[in-house]
Amino acid sequence: MTIKAKVDLDELTVDASYLADRFGLSPQALRRYMAQGLVRSRVEMGQDADLGKTRLTVRIGNRIWVAVLAADGSVVSEETRFAASAPSRQAT
């Protein structure tokens with residue numbers, strides 16, 4: 001089943017309310033975490049059999065949301081999980 005999300009793949013933005021809900025947060029709390037540099041994300045473009053799909057991973061502390069997005073920005077699959085520990089905030 002495909003769930004239509006407010007995801008813009010041209011600029012890869014996700015609606016704050018949609019993303020906050022994935023973490024059990026209010027949009028205001030999500031924005032606060034973003035301002036504090038506590039939200040990390042990674043974008044991976046599909047290749048070969050996954051061509052046309054994009055995997056978006058967002059991490060806040062030890063909480064991780066992973067979504068596979070279709071070319072139209074709809075969420076094909078998603079999961080929320082917990083990491084064993086939160087990453088350090090050291091600059092690299």
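No lab work stands behind these numbers, since they all come straight from the coordinates. What you see is a predicted model; the values in this text were computed from it and never measured. So basically every Cβ, Gly included, is an ideal-geometry build from the backbone, and we count neighbours across all protein chains shown.
Roughly how far apart, in whole Å, are the Cα centres of the stretch 32-48 and the stretch 51-75?
What the calculation gives is 9 Å, centre to centre.
Check which residues have an amide H placed less than 5 Å from residue 46's amide H, if you skip close sequence neighbours.
52, 53, 54, 55
From the phi of every residue in the stretch 67-79, what ³J(HN,Hα) in whole Hz does the Karplus formula 6.51 cos²θ - 1.76 cosθ + 1.60 yield, where θ is phi - 60° and glycine or proline is x?
Values, residue by residue: 10, 9, 10, 7, 4, 8, x, 6, 7, 7, 8, 8, 8 Hz.
Using the Karplus curve 6.51 cos²θ - 1.76 cosθ + 1.60 with θ = phi - 60°, what ³J(HN,Hα) values do you get for each residue of the stretch 19-30, in whole Hz, with x for Gly and Pro?
Couplings: 5, 4, 4, 5, 9, x, 10, 7, x, 5, 5, 4 Hz.
What is the fewest-to-most order of 19, 56, 51 by other Cβ atoms lying within 10 Å of their Cβ? Before the final figure, lay out each step's value.
On the way: 19 24, 56 21, 51 9.
Placing the least packed residue first, the sequence is 51, 56, 19.
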